[in-house]
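These notes are about the structure you will find just below.
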Amino acid sequence: MKSATFDALMKPGTKPSTRKLNCWEYKKCGRQPQGPHVRDMGLCPASIEVDLDDTHEGTNAGRACWVISGTLCKGEIQGTFAHKYKNCEGCDFYQLVRREEGPNFIYSLVLLGKLRKR
């Protein structure tokens, strides 16, 4: 299983810090800004969705990708939240975020509400 945290490079004898991974780091899709697959697959909308920045301690919608249309799943770009959510519920990254956040997990209806307030 992939680690959900990133061990920052530290000087010898210091304690490593950890942070929570965004979906593009965990899944290694390469669709984040300056990512290796932006040219052929396009920029991932989760990586630039500023209205969900810091959700679950992620960058933009990097830890709430399941509510964003146009994200990648099983090598294919997905449609709207209504069409993709059942697939997202079974995603290893979605399950990881749910476990990591525990009682602080923000449900999809709340996240969708933040997007609709624009």
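Since every read-out is calculated from the coordinates, none of them should be taken as a lab result. Every value quoted in this text rests on a predicted model; they were computed, and no experiment measured them. Virtual Cβ from ideal backbone geometry, glycine too; neighbours counted across all protein chains shown.
Quick look at the numbers
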{"quantity": "Ratio Rg/Rh, restricted to region 65-118 and using Cα atoms, in which Rh is the Kirkwood radius", "calculated": "0.97"}
{"quantity": "Charge tally in the Cβ shell below 12 Å around Arg98, where Lys, Arg are +1 and Asp, Glu are -1, Arg98 excluded", "calculated": "-2"}
{"quantity": "Footprinting exposure proxy for His83, His37 (fewest neighbouring C-beta atoms within 10 Å first)", "calculated": "His83, His37"}
{"quantity": "Rounded FRET efficiency, nearest 0.05, which uses the C-beta distance separating Arg116 from Ile48 and R0 of 22 Å", "calculated": "0.80"}
{"quantity": "Estimated dipole of region 28-118 in Debye, rounded to 20 [Cβ of Lys and Arg +1, of Asp and Glu -1, Cα centre]", "calculated": "240"}
{"quantity": "For Lys20, Lys114, order by how many other beta-carbon atoms lie within 10 Å, fewest first", "calculated": "Lys114, Lys20"}
{"quantity": "Alpha-carbon centroid distance for the pair region 39-56 / region 74-118, whole angstrom", "calculated": "13"}
{"quantity": "Charge context of Asp54, other residues only, Cβ under 13 angstrom, K/R +1, D/E -1", "calculated": "-1"}
{"quantity": "Region 23-116: mean projected area of Cα convex hull, nm²", "calculated": "5.5"}
{"quantity": "Sorted by Cβ density within 10 Å, fewest first, the residues Val110, Val50, Val67", "calculated": "Val50, Val110, Val67"}
